[in-house]
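First the structure, then my questions, so here it is.
The values are calculated or read from the model by the stated rules, or taken from the named source; none is laboratory data. Computed from a predicted structure; not experimentally measured. FYI the Cβ positions are ideal-geometry reconstructions off the backbone, even for glycines, and counts take in every protein chain you see. Note: areas computed on protein heavy atoms with side chains; ligands, DNA, RNA excluded. Shrake-Rupley method; radii C 1.70, N 1.55, O 1.52, S 1.80 Å.
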Amino acid sequence: MLKNALADKAIHSITKFTTLDYPHHLASIFWFAKCNMACPYCYNPRIVRENGTIDLEYALHFLQSRQGRLDGVVLSGGECTLYPHLEPFCEAIKALGYKIKIDTNGTYPELLERLIEKKLVDYIALDYKAPKQQYETLTHHRHFERFEQSLSMLIQRSFPFEVRTTLHPDLLTPTDINAIIKDLHVKGYQGTYYLQNYLHVNETMAHTAPPTRTFDQTELLNLIPIAFRN
């Protein structure tokens, strides 16, 4: 299975070094091609639309060349959990001694649970895109319950993870964010909820314009810890 996995050109591009994307670790980022969502503010439309050009074998060779200089790998995208070969790929990464962080929209809870059970992931960043009533409109993905299953599983297992939401004030209001805060509180989420401010770039999935509204942080509920990221 590993031989078949290594030939999979799943990766669109590689960020060779980051100190920001994996807390407390020096890491590289593997950007997996394709996604099952189409969020309008997505700043990686090429990664989402284009096929991968880098096979997993090359990615492993890259990690071998960075042993002793890096200690972590971020599997991002796109959506890395779309790939059936992600599990053996993680096994090969762990064999090299790296810690693994996964960025995911949470729509493949069974895979996430297997990776956790087999100790093939060390940290997960889970994107809570929008409240249930707006989820399909924003993401163009109708199965909110799949994300919800991932969220509940991670909470129940007390696995190291964070929940985050990209905040574009024209798309999500304080009322919307409060709906997410209430849901996280009711479900028993104990971590910090990260609000990532939308950073305008010229090329997004839906050519999203800069925000015209301001977001009033004082309207947010004080039920769980909240932090803002740029």
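Can you name every residue in region 22-53 that is outside any loop (DSSP other than H, G, I, E, B), open to solvent by 30 Å² or more (accessible area, probe 1.4 Å) and under 19 Å from residue 101 (Cβ atoms)?
31
Just wondering, is there one or more residues in region 15-27 that are under 29 Å from residue 136 (Cβ atoms), of a type in the set (D, E, K, R) and free of Cβ contacts under 8 Å to residues at least 40 places away in the same chain?
To start, the set of residues in region 15-27 that are under 29 Å from residue 136 (Cβ atoms) comprises 21.
Subset that is of a type in the set (D, E, K, R): 21.
Those still in the list that are free of Cβ contacts under 8 Å to residues at least 40 places away in the same chain too: none.
No, that holds for no residue.
Can I ask one more? Can you pull out the residues in region 45-92 that are closer than 17 Å to residue 125 by Cβ and of a type in the set (Val, Ile, Thr)?
Once the filter is applied, which keeps residues that are closer than 17 Å to residue 125 by Cβ and of a type in the set (Val, Ile, Thr), region 45-92 yields 47, 73, 74, 81.
In region 187-214, how many residues are at pLDDT below 95 and in contact with a helix residue (DSSP H, G or I) (Cβ under 7 Å, 6 or more places away or on another chain)?
3
A follow-up question, please. Please give the strands (runs of 3 or more DSSP E) falling wholly within region 127-230 in which 1 or more residues are within 26 Å of residue 114 (Cα to Cα). Walk me through how you get there before you give the answer.
Working: elements: 161-167, 193-197, 226-229.
The qualifying strands (runs of 3 or more DSSP E) are 161-167, 193-197.
Separate question: Select, from 94, 119, 101, the only residue that is assigned to a loop (DSSP other than H, G, I, E, B) and at pLDDT 95 or above.
Values: 94 fails: assigned to a loop (DSSP other than H, G, I, E, B); 101 fails: assigned to a loop (DSSP other than H, G, I, E, B).
After ruling out the rest, the residue left standing is 119.
Those residues that are open to solvent by 90 Å² or more (accessible area, probe 1.4 Å) and under 27 Å from residue 97 (Cα atoms), I need them from region 112-155; list them, please.
Across region 112-155, the qualifying residues are 114, 117, 118, 119.
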